[in-house]
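S.K.: This is the structure I have questions about; it appears just below.
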Amino acid sequence: MAAHLKKRVYEEYSKVIQIPPEEAPQKKLRLSKPSKSAALHIDLCKASGSTEALQYLLQFARKSVEADSVEGVIRILLEHYYKETDNSVRLKIVSLLGLLSKTKGFSPDCIVDDVKNTTTTQRLIEMACKHLADTYFGVRNKCLEVLGHLGTVDSPLSRDGEAHPSLSGLRDVQSVISDYFGDQEPRVRTAAIKAMLQLHERGMKINQIIYEQACRLLSDDYEQVRSAAVQMVWVLSQLYPESIVPIPSSNEEVRLVDDSFGKISHMVNDGSWMVRVQAAKTLGSMLQVSHYFLEQTLDKKLMSDLRRKRTAHERAKELYASGEFSSGRKWADDAPKERLDTNAVNLIASGACGAFVHGLEDEMYEVRIAAVEALSLLAQSSPSFAEKCLDFLVDMFNDEIEEVRLQSIHVLREISTNIILREDQLDTVLAVLEDKSRDIREALHELICYTNVSNKECVQLALLELLKNLNKYPTDRNSVWKCLKFLGSRHPTLVLPLVPELLSTHPYFDTPEPDMDDPAYIAVLVLVFNAAQACPTMSSLFSDHTFRHYAYLRDSLSHLVPALRLAGRGVELVGSAAGPGSVESAQVFLQDSLNRTNTIHSLEAPGSQDLLDFTIRDLQRLGELQTELAGAADFCATYLRCQLLLMKALQEKFWNMAVPLCLKQNVMATAAARQILEETYKLEFVYSGLERRQVATVHHVRLQARALQLVLTARTRKGLEPLVSSCDKFLQEVDSFQRQFLTELPHFQESFVGKLLELMPRLSSCKTVELIKILQSTLRQSSMLPLTLPQQLHRATATIIEPTGESDNPLKFTTGLVVALDIDATLEHVQDPQSRVKVQVLYPDGQAHVITPKPGDFRKPGPDRHRLITQVYLSHSAWTDPGHVEVSLLLAYSSSTSSKPSWADSTDSLPPPEGAIEGTIPFSKSVKVLIMPKPARR
Amino acid sequence: MPEIKVTPLGAGQDVGRSCILVSIGGKNIMLDCGMHMGFNDDRRFPDFSYITQNGRLTEFLDCVIISHFHLDHCGALPYMSEMVGYDGPIYMTHPTKAICPILLEDFRKITVDKKGETNFFTSQMIKDCMKKVVPLNLHQTVQVDEELEIKAYYAGHVLGAAMVQIKVGSESVVYTGDYNMTPDRHLGAAWIDKCRPDLLISESTYATTIRDSKRCRERDFLKKVHETVERGGKVLIPVFALGRAQELCILLETFWERMNLKAPIYFSTGMTEKANHYYKLFITWTNQKIRKTFVQRNMFEFKHIKPFDRSYADNPGPMVVFATPGMLHAGQSLQIFKKWAGNEKNMVIMPGYCVQGTIGHKILNGQRKLELEGRSTLEVKLQVEYMSFSAHADAKGIMQLIRMAEPRNMLLVHGEAVKMEFLKGKIEQEFSNIVLTINLKHTFLTYYLEKGTLPDPKKPRTMHGTLIMKENSLRLVSPEQAMKELGLSEHHLRFTCRVQLQDPHSDADTLHRIYMHLKSVLKGYTTQHLPDSMSVMVESIVVKVSSSTEDPNTKVLLLSWSYQDEDLGSFLSTLLKKGLPSVLC
């Protein structure tokens, strides 16, 4: 029978191939005819045999279907699918459904729903169950996979009654899968666990009963099984953290999360390093574990707490002799101390103790890094654990692999809120300041910024080591100063007793005035001034020149030196002392200014232009004062400037005049349009944290600018021919705007776009001249779109730290060869800098080179901050005098990446999304570097 | 009954002169062939006469396996092969083969040239001995002959150290040699797969120690050295030329480079140069860091460490000197120690284990006055520090290895008896399924793998039934029926055994007493009394009683059992050998 069917299918196929293509190549149908589905329906009903039906279907397949009629067609097809008995026809219908589902603008959900409603799923599951007993492991693997993807826990499934008459009872997927935890083939065991995890991922409730089985699999012979089992145990521990499990060979019980924590800790000693990495990583996410168990991971010896004793007497004895093993630190202390107590019951296997100690000294650095990360996560949630793991983390600063050292420094910084460093720990930490690697030193500076120390010796020690560092590596200047700033402001009372010594003042004698340009002296002053901010008595210890230096530094390094209240001195430099509530008030101010401008509709209204001007100025100033709101204020100011430009360009009088009379204004308006375009790109790509609404607003302004450009070109140019293509393009843009911001459209009802969209059917058919007219009138009628204040807005900024641009010594190199220029810059609030940030080098002759730095040159010292340390290669032909090249950073953008393509765009039948505009925005101040290419000596 | 016989010729319950004989499946293998550092007479070598009294070594031994190049594991090798006489294969890893002769030559020089001993092996003998060596690769299975195969696993400890799995048929033994489960600055951790050997012979030097984290130790070490050097003191670190020395060198070298210290570091003896060369070459045997970075810079090319000259010891100012040997029992380290011992600013750091009887051992135990050979005494004023850098597995490491290999039985060697006893308890607590024996005194005790308990009546049988596959149909039938169908005749294999018993009763009464006794012991078995044929049947086992011809009180029991009941039969024979209980109900 089967063979016969197969043959028939082949026959059908051969017929398909024989039919010659009758119709011309695909034609796109513009009209939507309801008859489409109806015709098909009639055709299919007419068909007497399967062959005929197939013919109709084939014919139908060659025509394309409009998006709006797809649904109807699909319904018809599905209907026939169920009625049809012939397999080949059904096959064709399904393949048609597949094709149709790819139609643009049609969501395939309804098909899927429909299919799901049928018994397909159920049948698949039954099929999978039946083949689970297959002898070939691949079949069992796939069956388990299917069960994992489709099975549901709630509905029990009946096993095939004939095959297993004894098991006629109902069983759920979970128990079926868990049967294969004990399969003889390791790959099947892995597949079974993976299927179970898949069930969990799909939101099914996994029963706790498999916990024991999963634990047993932790000691499997094969690493992939163990690795999967670690995951499984972890999942269960997260699902049932509080349930109680018994400890084998005793009547004690522990929480499940503790038990599984012990078991996974045990896996840190596994033979395979992949499993070790997995186990170490997993430990980090088990935050509910109780602290007895947690602390045990830092001690290799089994502590008495984790044993349950039968009698109080024995417990007392246990407390007396805390450890039975020696530590190997002293000679001859390793004689056995305590005899074994057979009544003791281990709550966790001794292999689990010291999991982190093992992990941190593992052979493979991957395991060490995973362990460090896990430590960090656990320490952040438990202060007492943070205290305990400190020594271990500090020890990791001596790791042989730099990556691990760096990671442990970062981790220590993250948990530093929970800890205070002791002197000996600080000593070890500070020793790393002499490290050759710049990354390590800077990470350490960052760490010191956040560290709390215990006494004044520590502060002094830190200062000394930092000064040593400064001496050894002068390039660390900024970083060291910043570090001292925080050190000072964190420990004002500890700095106070050190002040006379630090400033080398003497009660009777005047000491010589130190050199103001000495970085080390500046470093000391930064420390002292920052401490003095919170400690008003300190200023009485200053000598005269200190005050003078303060005034100087307050101006030159204002970001490092805070404003001080220096009573009785001429240097009353206390600024507008920003009170604590000022952020909110600034926010209110920002909102008010925006509200005020929202009332403006056109510039004709008296004073409106002034109002805008002033508001822009206010916002800019606000941005300077309130760094928290700088992004938002800047954004609003720029937006308002765009609006202002637009309004100016659309002023009444100018549009009423004849073209030749207002050439000047025309030029001005064209320039304005271009500027608005540029600004909108800045608005869209330089600021991060924009909401969809704001992006839409920015796009709206851009559309207006484009329309303005179009109108202006139409006015100045004679012929309309070149305009046709740009008009088309404009319409496409409006269209894509509509598609992209479908959800936002209600907000744009009254705006320029809203009006355009209303007129859309007319626009697409009318002539260019008419279009321009419509555009002009709508543009002029359109009012300013009110801007909603975004919540979290940050402007991407970049500062080039090196080169400083102060050097007078030219960089000399031989003509035609290259010279490397070190660039060190910090980037803030830049998303995905690896692909977006470029370096531009501008030569005096106007040549500009854009260089893309290597991805490895970007470092991430903190959230939303990046650091670019790279080298750019310069070259030029010979010059007679040294000349400046300008180095600046650019932010590249491309509109295609920002706009999310709708699902239909991904099909290859369509052209790539139109109008992918790419460009760059300079976002840093440029720095001048003096270079001098010399002619090569012969 | 499978029997693995282990005879330690040395290092049964002490450290030094490791030499273990293993008989497995009719093959005899010698594991390691070391010397003892604490003795200068015949006791320093293993007692080969235990074997040679029955003939030549070559006839007795199938192969010799050397786990690593430390002298207490390979020091007696030329003595054994050339002076006692052994011509069979000697197996060791490539690095061991390269470095071993250097150490042996050095050892020979000290003994013969310095101490003037005669009757010692010569340089030529070392060379001849090395010709018999067959090199091994990691995880390579080597067939020694048709039945015996060996396989080496990475053991850490020192460069080229290996654990060996010895396999004859289905029986296998794993010998660990010395191993280390925590990686260090230059070597990785020991690793073995789940090979489930019948017997695991493990060292147990640090049976009662669980060491602190490696980094703690490193930090302490560096701190102590740094402080002494800053004070202007001299630091002596007695080491064995190879092994720990390289780790500590790497540690100090990186520290010096990082801290930009200027005090000189010296390394004594020229042999180090040669050995360091091999360290540079055998990169694959080192740890991840060295393996990854050697392209840029080989970690064994030291910048700050220079060769030592005798005259430098009197130089003023701070310095750090690595000197050999490690237990301060002879050579350069002892000379320098004598020079520096008087100054309390100086420091000696003992980074490893010291055998009893050496000066190292004495000063570590707090002795402040030492008697030297020439009846002179030496006052020890310098600071003595101990830091366990020796790369042996600690208790935790041993447990970890057991967990990795999952052996059925376990034998602890190479350690002290009391400590082994302690560890035994620990292991029994943790792994209830392992039969554990710790080796008793280093007098030659044999260890039998024996089944001491009553076999389970529902045990798996040799043959339960037969599955006949004929024309796509399967049938399960009893063996008898299968044989009948296939026309095969059944062969019976029976074991018989005579047991003598003192019993004053008559034969019939004795038989009855035996019957009652067996019935009380063997609860799950069918026991039958057949008085007419004067016998007792337990399953297929027949026990017959007859009086001895000379003495009517001595009864001779004739036991006979079939192969299928081998376990029960052997149990019964041991049971009856013990005699009958006097009181029977």
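S.K.: Could you check, for the stretch B:379-388, whether at least one of its residues is out of contact with any Pro (no Cβ under 9 Å at 6 or more places or on another chain), farther than 25 Å from B:E230 by Cβ and either surrounded by 13 or more Cβ atoms within 10 Å (Cβ to Cβ) or within 14 Å of chain A (Cβ to nearest Cβ) (or both)?
M.R.: There is no residue in the stretch B:379-388 that is out of contact with any Pro (no Cβ under 9 Å at 6 or more places or on another chain), farther than 25 Å from B:E230 by Cβ and either surrounded by 13 or more Cβ atoms within 10 Å (Cβ to Cβ) or within 14 Å of chain A (Cβ to nearest Cβ) (or both).
S.K.: Within the stretch A:366-389, which residues are free of Cβ contacts under 8 Å to residues at least 40 places away in the same chain and buried (at least 21 other Cβ atoms within 10 Å of the Cβ)?
M.R.: Hits for the stretch A:366-389 are A:R368, A:I369, A:V372, A:A379, A:A386.
S.K.: I would also like to ask the following. Of all residues being of a type in the set (V, I, T) and closer than 22 Å to B:L328 by Cα in the stretch B:267-313, which is farthest from the other protein chains (Cβ to nearest Cβ)? Just the residue, please. So that I can check it myself, show each step before the final result.
M.R.: First, pick out the residues of the stretch B:267-313 that are of a type in the set (V, I, T): B:269, B:272, B:283-284, B:286, B:290, B:293, B:295, B:305.
Cutting the leftovers down to closer than 22 Å to B:L328 by Cα gives us B:269, B:272, B:305.
Details: B:T269: 25, B:T272: 22, B:I305: 17 Å.
The qualifying residue farthest from the other protein chains (Cβ to nearest Cβ) is B:T269.
S.K.: Can you list the helices (runs of 4 or more DSSP H) found entirely within the stretch A:626-691 that contain at least 1 residues being charged (D, E, K, R), modelled with pLDDT of 85 or more and surrounded by fewer than 16 Cβ atoms within 10 Å (Cβ to Cβ)?
M.R.: Because the criterion is at least 1 residues that are charged (D, E, K, R), modelled with pLDDT of 85 or more and surrounded by fewer than 16 Cβ atoms within 10 Å (Cβ to Cβ), the helices (runs of 4 or more DSSP H) in the stretch A:626-691 that meet it are A:663-685.
S.K.: Continuing with this model, one more query. Take the stretch B:350-367 and flag every residue that is among the hydroxyl-bearing types (S, T, Y) and either touching a helix residue (DSSP H, G or I) at 6+ places or on another chain (Cβ under 8 Å) or over 17 Å from B:T209 (Cβ atoms) (or both).
M.R.: B:T358 - this is the single residue of the stretch B:350-367 that is among the hydroxyl-bearing types (S, T, Y) and either touching a helix residue (DSSP H, G or I) at 6+ places or on another chain (Cβ under 8 Å) or over 17 Å from B:T209 (Cβ atoms) (or both).
S.K.: With the checklist (1) closer than 24 Å to B:M35 by Cα; (2) out of contact with any helix residue (DSSP H, G or I) (no Cβ under 6 Å at 6 or more places or on another chain) in hand, flag the one item B:C129 doesn't pass.
M.R.: All conditions are met except number (2).
S.K.: Right, next: Only one of (1) modelled with pLDDT under 85; (2) closer than 26 Å to B:V355 by Cβ; (3) of a type in the set (S, T, N, Q) is not met by B:N54, so which one is it?
M.R.: Exception for B:N54: condition (2).
S.K.: Kindly indicate which of B:G177, B:G243, B:G169, B:G188 is surrounded by fewer than 24 Cβ atoms within 10 Å (Cβ to Cβ), in contact (Cβ under 8 Å) with a residue 60 or more places away in the chain and more than 14 Å from every other protein chain (Cβ to nearest Cβ).
M.R.: One residue alone meets the criteria, B:G169.
S.K.: Oh, and also: Inspect all residues belonging to the stretch A:409-416 and state whether any of them is modelled with pLDDT of 85 or more and within 12 Å of chain B (Cβ to nearest Cβ).
M.R.: no
S.K.: Restricting attention to the stretch B:36-85, and to residues there that are β-branched (V, I, T) and out of contact with any strand residue (DSSP E or B) (no Cβ under 9 Å at 6 or more places or on another chain), which single residue is surrounded by the most Cβ atoms within 10 Å (Cβ to Cβ)? Lay out the reasoning, then the answer.
M.R.: If we filter the stretch B:36-85 for residues that are β-branched (V, I, T), which is where we start, we get B:51-52, B:58, B:64-66, B:84.
The next check asks that each one be out of contact with any strand residue (DSSP E or B) (no Cβ under 9 Å at 6 or more places or on another chain); those that pass are B:52, B:58, B:84.
Values: B:T52: 14, B:T58: 13, B:V84: 18.
Looking at the filtered set, the residue picked out is B:V84.
S.K.: Check A:S384 against each of (1) hydroxyl-bearing (S, T, Y); (2) under 21 Å from A:L484 (Cβ atoms); (3) away from chain B (no Cβ under 14 Å) and name the one condition it does not meet.
M.R.: (2)
S.K.: Return only the number of the condition from (1) over 38 Å from the mean Cα position of the chain (by Cα); (2) touching a residue at least 60 places away in the same chain (Cβ under 8 Å) that A:P562 does not satisfy.
M.R.: (1)
S.K.: Right, another one. Suppose we filter the stretch B:250-266 for residues that are within 14 Å of chain A (Cβ to nearest Cβ) and outside any loop (DSSP other than H, G, I, E, B); how many remain?
M.R.: Residues in the stretch B:250-266 being within 14 Å of chain A (Cβ to nearest Cβ) and outside any loop (DSSP other than H, G, I, E, B): 10 in total.
S.K.: Okay, next question. For the stretch B:517-532: of the residues being touching a His at 6+ places or on another chain (Cβ under 9 Å) and in a helix (DSSP H, G or I), which is farthest from B:K578 (Cα to Cα)?
M.R.: In this case the residue turns out to be B:P531.
S.K.: Out of the stretch B:191-240, which residues are in contact (Cβ under 8 Å) with a residue 40 or more places away in the chain and assigned to a helix (DSSP H, G or I)?
M.R.: B:R217, B:D220, B:F221, B:K224, B:V225, B:T228, B:V229, B:E230, B:R231
S.K.: Quick one: in the stretch B:207-223, of everything that is in contact with a strand residue (DSSP E or B) (Cβ under 8 Å, 6 or more places away or on another chain) and within 7 Å of another protein chain (Cβ to nearest Cβ), which residue is surrounded by the fewest Cβ atoms within 10 Å (Cβ to Cβ)?
M.R.: Ranking the qualifying residues of the stretch B:207-223, first place goes to B:T209.
S.K.: Take A:L430 and tell me if it is within 14 Å of chain B (Cβ to nearest Cβ), more than 31 Å from the chain's Cα centre (by Cα) and not in a loop (DSSP other than H, G, I, E, B).
M.R.: yes
S.K.: What strands (runs of 3 or more DSSP E) completely inside the stretch B:395-511 contain at least 2 residues that are modelled with pLDDT under 80?
M.R.: It comes to B:435-438, B:466-470, B:473-477, B:494-502.
S.K.: Let me ask something else. For the stretch A:844-894, which residues satisfy the criterion of being surrounded by fewer than 18 Cβ atoms within 10 Å (Cβ to Cβ) and of a type in the set (S, T, Y)?
M.R.: A:T852, A:Y873, A:S875, A:S877, A:T880, A:S894 - these are the residues of the stretch A:844-894 that are surrounded by fewer than 18 Cβ atoms within 10 Å (Cβ to Cβ) and of a type in the set (S, T, Y).
S.K.: Working only within the stretch B:191-204, note down all residues that are buried (at least 20 other Cβ atoms within 10 Å of the Cβ) and touching a Lys or Arg at 6+ places or on another chain (Cβ under 9 Å).
M.R.: Listed by number, the residues that qualify are B:P197, B:L199, B:L200, B:S204.
S.K.: Now, a different point. Do you know which residues across the stretch B:10-36 are in contact with a Phe, Trp or Tyr (Cβ under 9 Å, 6 or more places away or on another chain) and under 21 Å from B:D198 (Cα atoms)?
M.R.: Once the filter is applied, which keeps residues that are in contact with a Phe, Trp or Tyr (Cβ under 9 Å, 6 or more places away or on another chain) and under 21 Å from B:D198 (Cα atoms), the stretch B:10-36 yields B:G12, B:C19, B:I20, B:L21, B:V22, B:N28, B:I29, B:M30, B:L31, B:D32.
S.K.: Can we say B:V134 is surrounded by fewer than 23 Cβ atoms within 10 Å (Cβ to Cβ), more than 10 Å from chain A (Cβ to nearest Cβ), touching a Phe, Trp or Tyr at 6+ places or on another chain (Cβ under 7 Å) and part of a strand (DSSP E or B)?
M.R.: Spelling it out, B:V134 is indeed surrounded by fewer than 23 Cβ atoms within 10 Å (Cβ to Cβ), more than 10 Å from chain A (Cβ to nearest Cβ), touching a Phe, Trp or Tyr at 6+ places or on another chain (Cβ under 7 Å) and part of a strand (DSSP E or B).
The values are calculated or read from the model by the stated rules, or taken from the named source; none is laboratory data. Every value quoted in this text rests on a predicted model; they were computed, and no experiment measured them. With ideal geometry, Cβ positions are generated from the backbone for all residues, glycine too; neighbour counts draw on all protein chains shown.
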